[in-house]
1. What's the total number of residues in region 106-122 that are closer than 29 Å to VAL32 by Cβ, part of a helix (DSSP H, G or I) and not hydrophobic (A, V, I, L, M, F, W, C)?
2. Taking region 105-140, which residues are open to solvent by less than 20 Å² (accessible area, probe 1.4 Å), of a type outside the set (Phe, Trp, Tyr) and under 13 Å from the mean Cα position of the chain (by Cα)?
3. LEU102 passes all but one of (1) under 13 Å from the mean Cα position of the chain (by Cα); (2) of a type in the set (A, V, I, L, M, F, W, C); (3) farther than 17 Å from SER134 by Cβ; (4) open to solvent by 30 Å² or more (accessible area, probe 1.4 Å); which number fails?
4. I need every pair where a residue in region 25-46 that is without any contact (Cβ under 8 Å) to a residue 40 or more places away in the chain and of a type in the set (Asp, Glu) has its Cβ under 8 Å from the Cβ of a residue that is surrounded by 12 or more Cβ atoms within 10 Å (Cβ to Cβ) and in a loop (DSSP other than H, G, I, E, B), sequence separation at least 6 or different chains.
5. Does ALA31 satisfy the criteria of being out of contact with any Gly (no Cβ under 7 Å at 6 or more places or on another chain) and modelled with pLDDT under 85?
6. Among the residues of region 49-87 satisfying the criterion of being of a type in the set (S, T, N, Q) and under 15 Å from the mean Cα position of the chain (by Cα), which is nearest to VAL7 (Cα to Cα)?
7. Show me the strands (runs of 3 or more DSSP E) found entirely inside region 1-96 where at least 3 residues are crowded, with 19+ Cβ neighbours inside 10 Å.
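The values are calculated or read from the model by the stated rules, or taken from the named source; none is laboratory data. As the structure is a computational prediction, the values presented were derived from the model and not from experiment. Cβ sites come from the backbone with ideal geometry, for glycine too, and all protein chains shown count toward neighbours. Note: accessible area is taken over every heavy atom of the protein model, side chains too, but ligands, DNA and RNA are not part of it. Shrake-Rupley method; radii C 1.70, N 1.55, O 1.52, S 1.80 Å.
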Amino acid sequence: GQKGIDVVATVELRLQPTDAKIPFSQPWVDAVERKIAKATGFDARTVDKTLQPYLCNLCVSEQMRGRKLGKALVRCVEKITTETWGYSKLYLHVDLDNVAALNLYRSEGFKDVGFRWNPFWAGDAAEIGYFVKSYNSENR
């Protein structure tokens, strides 16, 4: 018989506002939450005025870790971001307790933005790091 297909790694790339909000799977839910934030007076700071590339849901299966697949996916997303889409920044969130992920992103040049999405209803969302990598002609 035929064996199933195993997913060994995955990543998503989307365009997001740069307000440090952790995105939901459904963009309309994000829009509703941003409207609630605005209506309640929450000051959602942004880094850039336009939507920017956002790397999310990078995952490598346990049995495939240690083979630099995460680094390869980050670099693939960077190439799309800069060369195909023409952007100069890439944003992401990372759980600061996930040492392997944090080390990967830092080793690839991502820096903490310095603020968090933190309305009163967000709970532990403020504990999640919000990072960015800026590119110039030397990075490409």
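1. 0
2. Result: GLY129, single match.
3. (4)
4. ASP30/LYS21; ASP30/PRO23; ASP30/PHE24; GLU33/LYS21; GLU33/PHE24
5. Details: out of contact with any Gly (no Cβ under 7 Å at 6 or more places or on another chain): yes; modelled with pLDDT under 85: no.
Considered against the rule, which asks whether it is out of contact with any Gly (no Cβ under 7 Å at 6 or more places or on another chain) and modelled with pLDDT under 85, ALA31 comes out as no.
6. In the first step, residues of region 49-87 are kept if they are of a type in the set (S, T, N, Q); the result is 50, 52, 57, 61, 63, 81-82, 84.
So of that shortlist, the ones also under 15 Å from the mean Cα position of the chain (by Cα) come out as 52, 57, 81.
Working: GLN52: 27, ASN57: 13, THR81: 23 Å.
Per the criteria, the residue is ASN57.
7. Values: elements: 9-16, 52-60, 89-95.
Of the strands (runs of 3 or more DSSP E) lying wholly inside region 1-96, those with at least 3 residues that are crowded, with 19+ Cβ neighbours inside 10 Å span 52-60, 89-95.
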